[in-house]
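Some notes on the structure that comes next.
The values are calculated or read from the model by the stated rules, or taken from the named source; none is laboratory data. The shown structure was predicted, so the numbers you read here are calculated from the model rather than taken from an experiment. Using ideal geometry, Cβ is built from the backbone for each residue, glycine included, and neighbour counts are taken over all protein chains shown.
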Amino acid sequence: MITGDISLMRRVTNVAMLGLTGLSTLVVVSILFFILGYLLWMGGSSLSIQFFTNLPKPTGETGGGMANAIVGSGKTLLLASLIGVPIGFLGGVYLAEYSGRTFAFLVRYVTDLLNGVPSIVIGIVAYALIVKPMSHFSTLAGGVALGIMMIPIALRTTEEFLRSIPNSLREGAMALGATRSRTIFTVVVPAAMSGLTSGMMLNLARVAGETAPLLFTALGNMFWSQGWMQPTATLPVMIYTYAISAYDDWHQQAWAAGFVLLALVLTINITARLIIGRGASSARR
Amino acid sequence: MATPDRQMISDSQSQPAQSSAEPPAPAFALPKIHAKDVNFFYGAYQALHSISMDVFANKVTAFIGPSGCGKSTFLRTFNRMNEAIRNTRVQGELLLNGESLFSMDVTTVRRRVGMVFQKSNPFPKTIFDNVAYGLRVNGVKGSVIKDEVEKSLRRAALWNEVKDTLHKPASALSGGQQQRLCIARALAVEPEVLLLDEPCSALDPIATLKIEELLFQIKDITTIVIVTHNMQQAARVADFTGFFFMGKLIEFDDTRVVFQNPSKKETEDYVTGRFG
């Protein structure tokens, strides 16, 4: 009798928990797929070849595009990588290979804090550091803002991947007379290369959609940007500007821009996953 | 920090200066490695207690003893590998050909005293680049590298198995091959002493046999010190054997004496399998 009751209780609990967890998963996944599907539908139907080749046109005129924003996004992301990746990488090497425990803990803590700083605050920092002294908005300022945002993840990724390399490899290299730095850059870093590359790419994909830090750094531009020191259009800011406008045709353009941005982020993500997968399989062999 | 005790180093440096006034000793009498009163500490824990011994040139010296007895720690003082571990300290005198290990640059020590580890640790590079690594680190350039890689692989009895796959990843080799690759890699820089830290503990009997045969062949060109858990292995390969227990070198003698007629009770108990 007693055992029967317990097993009934267990069965009920089991079914209830399974139901709850399953339902939560379903909610999450269906929201995600709804957003994705809606974006694909709305964006895909508004997309045309002119979107990639033409400059924006005033509302009412057909055939406007966002070629300048695509190039602008590319330029700011390139700048961001040039700033965020080297600083984060070298800092991560220091943390993983050289620093003492207390200092590493401190830096890690500060890095996590920096990672948690709202992106708009990072934008204000870039505004104060670059826009204010130069007294105009620029591609440079946008790149610096995104670059600062990349540093924490670049640093932590590097540190984690280097720490995952077994010590026996370091000892093997040092036992042959290699110096510490030679060991790190010719054995440890190459061993972690696929992980590092994909980590950096995911990091880039993460900042590619950032809007807030670009609002008052890169600002926006309806024409081709006149250079690194001049304001530029970027996809996220274009989406923002077009989406809050009052015009239907601009809304369509915003959907198309969303679609392109999503495709860009997805491409980076998938490439990164492929690199991770290839690295893992070659390590197993 | 892992800095050796400087006071003891200055002691050991004064040693060769004194002896230079005397007539030079015959070459065979000079031990390859001379250890005197070596103490070693992990933080406050003393892992080695006043160990003194000599390693003779072109001989195989084996260290045996139960786990945690300090044999690997002692081995790693010979190429100053313990310095990579934080919060360790070494005291005493360690001479390589009469010259203090601590007065040399650490990278020089490690080039002259090579090491093969318990678990084979090929770099994630090609077979060729693995063997060439030590050469490149030590400034060898150009076509010499190719010849040296072949020479080292032949010495490690691996050439015939890998000569067609030199540019494939080293990770594709079997466990035994990987360990012989690590030996080839160590031999490439022509070390005066080769330290082996339980090199066969992860290998099957056939691969183990191959490594042991290899040791016989390479002792003409280098001096071998091997740490092993396997007493039969020590009996098979070693000319001299040291028995370690609780951080002390209990007995060090000709291998035959250690196994057949040990002078200490602990040694006898261990080699007859009564404990450990």
Top-ranked residue in segment B:103-126 [being polar (S, T, N, Q) and in contact with a helix residue (DSSP H, G or I) (Cβ under 7 Å, 6 or more places away or on another chain); ranked as farthest from the other protein chains (Cβ to nearest Cβ)]
B:S103
Going through segment A:136-176 one residue at a time, which ones are farther than 23 Å from A:M200 by Cα and in a helix (DSSP H, G or I)?
A:N167, A:S168, A:L169, A:R170, A:E171, A:G172, A:A173, A:M174
Within segment B:133-191, restricting to residues that are under 22 Å from B:I224 (Cβ atoms) and polar (S, T, N, Q), the one that is farthest from the other protein chains (Cβ to nearest Cβ) is B:Q177
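Residues are listed down the side, and each one gets a yes or a no for (1) within 14 Å of chain B (Cβ to nearest Cβ); (2) modelled with pLDDT under 95:
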| residue | (1), (2) |
| --- | --- |
| A:M66 | no, yes |
| A:L77 | no, no |
| A:I87 | no, no |
| A:L146 | no, no |
| A:T158 | no, no |
| A:N167 | yes, yes |
Condition first: under 23 Å from the mean Cα position of the chain (by Cα), farther than 30 Å from B:Q178 by Cβ and assigned to a helix (DSSP H, G or I). Can you find one or more residues in segment A:214-228 that meet it?
yes
Of the residues in segment B:219-239 that are touching a Lys or Arg at 6+ places or on another chain (Cβ under 6 Å) and crowded, with 19+ Cβ neighbours inside 10 Å, the one that is nearest to A:G172 (Cα to Cα) is B:V227
Quick check on this structure: which one of A:S45, A:S7 is exposed (fewer than 12 other Cβ atoms within 10 Å of the Cβ) and either part of a helix (DSSP H, G or I) or not aromatic (F, W, Y) (or both)?
A:S7
Residues of segment A:143-160 being closer than 16 Å to A:S99 by Cβ and among the hydrophobic types (A, V, I, L, M, F, W, C), which ones?
A:L155
Is it true that A:G91 is buried (at least 21 other Cβ atoms within 10 Å of the Cβ) and either outside any helix (DSSP H, G or I) or not polar (S, T, N, Q) (or both)?
no
Of the residues in segment B:48-71, how many are small (G, A, S) and buried (at least 21 other Cβ atoms within 10 Å of the Cβ)?
3
Residue ranges of strands (runs of 3 or more DSSP E) in segment B:167-271 with at least 1 members small (G, A, S) and modelled with pLDDT of 90 or more
B:240-245
